[in-house]
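The values are calculated or read from the model by the stated rules, or taken from the named source; none is laboratory data. Remember, predicted model here, so these are calculated numbers, not experimental data. Heads up, the Cβs are rebuilt from the backbone with ideal geometry, glycines too, and the neighbour counts pull from every protein chain shown.
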Amino acid sequence: MSDLTFYTNPMSRGRIVRWMLEELDRPYKTVVMGFGEEMTGSEYRALNPMAKVPTVRHGEVVVTECAAICAYLAEAFPAAGLSPPPGSPERGAFLRWMFFGAGPVEAAVTNTSFGWDPQGPRQEARVGYGSLARVTDTLEALVSDREWILGETFSAVDVYLGAQIAWALMLDTMEKRPALTAYAARINARPAALRAREIDDALIAEQQEAQ
């Protein structure tokens, strides 16, 4: 039995963590959670009080939030080579862009999807991301001159931040600039990403047939 348990729903941010788990190339158990009562029940909320997915349990350790899960798994399984070692020059960049994804990118894309954008310099100063255009400019510059976010080495930050970029482009909540679309194509073509999508798409098909 695997010591990794993955709580998810195939129509959620859990797809990001599925991809991360497939990059690790090690066994894990999947528990598919239904939206509504199953997630809000006391048993699951003992693991994740937010009543959301994904959640990962590794032995006695419970981790929630996609960025934290990806960072934790990369460190917990160093053989996969998905996290720079502490103290290395790449480590600072790894943390910087991981948190950039969890902060400015997540907020900017979500707010835009709901039809709200900061109005004028005063509001832009109050929100952490400033504006979606500023976030997009930053990401475009980041991936325009390198294969992966840390340069030549693929890492967990490509899973987390890369998935957000690809998702935003697909939903038209981020401008389809050539450098961004090329980067999204690279990450989407990774074998682990393809396997993860196949697994979750099959689960969605099963859920639809059961309805």
### Message
Could you check the range 106-141 and list, in sequence order, the residues that are more than 27 Å from ALA185 (Cβ to Cβ) and in a loop (DSSP other than H, G, I, E, B)?
### Response
PHE114, GLY115, TRP116, ASP117, PRO118, GLN119, VAL127, GLY128, GLY130
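Identify all residues within the range 191-211 that are aliphatic (A, V, I, L, M) and more than 17 Å from LEU24 (Cα to Cα); write none if there are none. Outline the logic, then answer.
Here is the first cut: in the range 191-211, the ones aliphatic (A, V, I, L, M) are 192-194, 196, 199, 202-205, 210.
Answer for the range 191-211, where residues must be aliphatic (A, V, I, L, M) and more than 17 Å from LEU24 (Cα to Cα): ALA202, LEU203, ILE204, ALA205, ALA210.
Kindly evaluate THR110 against the criterion of being out of contact with any Asp or Glu (no Cβ under 9 Å at 6 or more places or on another chain), outside the structural domain of THR138 (by TED's automatic domain parsing) and either exposed (fewer than 12 other Cβ atoms within 10 Å of the Cβ) or without any contact (Cβ under 8 Å) to a residue 40 or more places away in the chain (or both).
Details: out of contact with any Asp or Glu (no Cβ under 9 Å at 6 or more places or on another chain): yes; outside the structural domain of THR138 (by TED's automatic domain parsing): no; either exposed (fewer than 12 other Cβ atoms within 10 Å of the Cβ) or without any contact (Cβ under 8 Å) to a residue 40 or more places away in the chain (or both): yes.
Against the criterion (out of contact with any Asp or Glu (no Cβ under 9 Å at 6 or more places or on another chain), outside the structural domain of THR138 (by TED's automatic domain parsing) and either exposed (fewer than 12 other Cβ atoms within 10 Å of the Cβ) or without any contact (Cβ under 8 Å) to a residue 40 or more places away in the chain (or both)), THR110 does not qualify.
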### Query
Can you find even one residue in the range 142-165 that is in contact with a Lys or Arg (Cβ under 8 Å, 6 or more places away or on another chain), touching a residue at least 60 places away in the same chain (Cβ under 8 Å), assigned to a helix (DSSP H, G or I) and not polar (S, T, N, Q)?
yes
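Considering each residue of the range 34-56, count those that are of a type in the set (Lys, Arg) and surrounded by 19 or more Cβ atoms within 10 Å (Cβ to Cβ), and give that number. Before the answer, list the steps.
Restricting attention to the range 34-56, the residues satisfying the condition of being of a type in the set (Lys, Arg) are 45, 52.
In the following step, the residues that additionally are surrounded by 19 or more Cβ atoms within 10 Å (Cβ to Cβ) were identified as 52.
Counting residues in the range 34-56 that are of a type in the set (Lys, Arg) and surrounded by 19 or more Cβ atoms within 10 Å (Cβ to Cβ) gives 1.
Take the range 169-209 and flag every residue that is in a helix (DSSP H, G or I) and small (Gly, Ala, Ser).
Within the range 169-209, the first condition is being in a helix (DSSP H, G or I), and the residues that meet it are 169-170, 178-188, 191-209.
Within the range 169-209, ALA179, ALA182, ALA184, ALA185, ALA192, ALA193, ALA196, ALA202, ALA205 qualify.
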### Query
What pairs come up if the first residue lies in the range 182-199 and is free of Cβ contacts under 8 Å to residues at least 40 places away in the same chain, the second is surrounded by fewer than 16 Cβ atoms within 10 Å (Cβ to Cβ), and their beta carbons are under 7 Å apart, counting only those six or more places apart or on different chains?
ARG186/GLU147
